[in-house]
Amino acid sequence: MVSLPVNWPQRLSLASFPTPFHSLDRLSSALKGPRIWLKRDDLSGFLLSGNKVRKLEFTLFNARQQGYNLLITCGGLQSNHCRATAFAGAQLGIPVHLVLRGLAEGLADANLLLNYLAGARISCVPEQQYRQELDTLLESTAEHYREKGYKPYIIPTGASNGIGVWGYLAACQELKADFQRHNIQPEWIVTATGSGGTQAGLSLGNQVFALSSKVLGMAVCDDEDYFQAKVKSDLKEFSEQFPKAFSFVLPELEVATNDQYVGEGYGLASAAVMQTICDVARQEGVLFDPVYTGKAFHGLLEDIKAGRYRGVGDIVFIHTGGTFGLFPYKQQLVDIMGTG
Ligand SMILES: *Cc1c(COP(=O)(O)O)cnc(C)c1O
C-alpha cells in the first residue's frame, strides 16, 4: 500500500478489502477498443456488498463512537444502501429504521425482502410525499425514537456526505496499488453515480493519490448539473469536517459527469441495458444490475463503440455491486433471453 500524509479517521472493518481487480479480456478484444478493467467492489462482501459498505465503515464508526444507538436511513424500495445498512446494523447489534420511497406491491423481493430478514423497521412512503418531505420524515422518525429513549443517527441517501467521501478516498489507495501491480496507467476511472458520494470520493482520491486518471460519473438519474453541485457540496462538507485531512494542499478538482444514458429515469432500464447485462454475464461471467452498474456500463460501451474513447489504452470500471437489485427485473430479463 502506498503511504501518503493522509490523516485517516478511524473506521469499522465491515467488508473484505482490498477487492479484486482484473481485466475483461474477451469483451475488450471483441470491442477492439481500450482494455477494460473491473474493480470488484461487488465482492466487498455478501450482505454488505457493493460501494455503500466503504462509506458505512467510516460513517458507522463515527456513529458508534458518539454513542448513537439506532440508525435511520432512506432510499428507494430496492436501495442497496438500505440493505447494506440493515445488515450492518444487525451485525453490530444496532436497530435500523428505513424510510423507503414508494409503496411495496405484492411479496417483498430482493433487497426489500432482505431488509425484513435483517429485522429492519420499514416505513414505505408514497413517492410524491417522499420527494417533498424527506427531511421532515427523517426528523420525525428520529423524534419518535428519541421519545423512546434512543439516540438515533440519520444517514443521508447513499451515505453520501462529508464523512462518506472517505470511503472512495480509501478505495483510491487500493486502486493505486492495483495499477502498480499491473503496471498500468488508466486514462479513465468510470463509475455509476446516483447520490454522488462514490464519484466525490473517487474524484478527490484520484488527486490525492496522484492516479493521473480522469474520473467519470455515469448518471443513473438526475443530470450533469445535479452531480456537479452534489459532488462539490459533499467535498465542501468533507473539507469543513476534516480540515486537517491532508498535510498538503489540493489542486482544484475536476468533476466529470455523463448524463446521456439515464434513459427513462431512476430504476428504469431499456431493453438495450438488459441485453448488455446478459451479454456481459455470458461473455465474462460478471453480473451487472439494471439500476446502476448495467446502465452505466452499457453507456460506457456505447461511447466506446461511437469512438469517444479512441486512442485510450486502459479504462477502469468500478463494479459498485447491486446484484440483489437484479431480481425484481426477472420479466424484462426473460423477455431478452427468450424462454431458454
Ligand atoms: C448506490 C449505488 C451506486 C451509486 O453510488 P453513489 O455513491 O450513491 O453515487 C452505484 N452502484 C450501486 C450498485 C449502488 O447501490
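Values as computed for the structure displayed
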quantity	calculated
Selection within region 258-269 - in contact (Cβ under 8 Å) with a residue 24 or more places away in the chain and either more than 14 Å from the ligand (Cβ to nearest atom) or not in a loop (DSSP other than H, G, I, E, B) (or both)	258, 260, 263, 265
For residue 36: the one exception among (1) part of a helix (DSSP H, G or I); (2) away from the ligand (no atom under 14 Å from the Cβ); (3) surrounded by 19 or more Cβ atoms within 10 Å (Cβ to Cβ)	(1)
Selected residue (criterion: nearest to residue 302 (Cα to Cα)) from residues of region 213-238 that are of a type in the set (S, T, N, Q) and in contact (Cβ under 8 Å) with a residue 12 or more places away in the chain	213
Considering residues of region 299-323 that are farther than 17 Å from residue 194 by Cα and part of a helix (DSSP H, G or I) only, the residue farthest from the chain's Cα centre (by Cα)	305
Among (1) modelled with pLDDT under 95; (2) in a loop (DSSP other than H, G, I, E, B) - the single one residue 286 does not satisfy	(1)
Looking only at region 291-309, and only at residues there that are more than 16 Å from the ligand (Cβ to nearest atom) and small (Gly, Ala, Ser), the one that is nearest to residue 33 (Cα to Cα)	307
Those residues of region 90-101 which are under 20 Å from residue 291 (Cα atoms) and either surrounded by fewer than 16 Cβ atoms within 10 Å (Cβ to Cβ) or of a type in the set (Lys, Arg) (or both), in sequence order	101
Single condition residue 312 does not satisfy, out of (1) closer than 23 Å to residue 53 by Cα; (2) more than 16 Å from the ligand (Cβ to nearest atom)	(1)
Subset of region 170-193 [in a helix (DSSP H, G or I) and within 13 Å of the chain's Cα centre (by Cα)]	171
Region 47-60, residues that are within 16 Å of residue 20 (Cβ to Cβ) and at pLDDT 95 or above	50, 51, 53, 54
Filter pass, residue 140 being modelled with pLDDT of 95 or more and closer than 23 Å to residue 48 by Cα	no
Residue among 213, 239, 195 that alone is more than 14 Å from the ligand (Cβ to nearest atom) and either closer than 13 Å to residue 158 by Cβ or at pLDDT below 95 (or both)	239
Within region 13-33, considering residues that are part of a loop (DSSP other than H, G, I, E, B) and touching a residue at least 60 places away in the same chain (Cβ under 8 Å), the one farthest from the chain's Cα centre (by Cα)	33
All positions within region 39-62 that are in a helix (DSSP H, G or I) and farther than 20 Å from residue 163 by Cβ	42, 43
Selection within region 115-140 - in contact with a Cys (Cβ under 9 Å, 6 or more places away or on another chain) and assigned to a helix (DSSP H, G or I)	115, 130, 134, 137, 138
Test: residue in region 174-192 that is at pLDDT 95 or above, under 25 Å from residue 302 (Cα atoms), within 10 Å of the ligand (Cβ to nearest atom) and in contact with a strand residue (DSSP E or B) (Cβ under 9 Å, 6 or more places away or on another chain)	yes
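Let's see how each residue does on (1) within 16 Å of the ligand (Cβ to nearest atom); (2) of a type in the set (Lys, Arg); (3) farther than 24 Å from residue 138 by Cβ; (4) modelled with pLDDT under 95:
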site: 10; (1), (2), (3), (4): no, no, yes, no
site: 22; (1), (2), (3), (4): no, no, yes, no
site: 27; (1), (2), (3), (4): no, no, yes, no
site: 40; (1), (2), (3), (4): yes, yes, yes, no
site: 73; (1), (2), (3), (4): yes, no, no, no
site: 84; (1), (2), (3), (4): yes, no, no, no
site: 93; (1), (2), (3), (4): no, no, no, no
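The values are calculated or read from the model by the stated rules, or taken from the named source; none is laboratory data. The shown structure was predicted, so the numbers you read here are calculated from the model rather than taken from an experiment. Note that each Cβ is placed from the backbone with ideal geometry, even for glycine, and that neighbours are counted across all protein chains shown.
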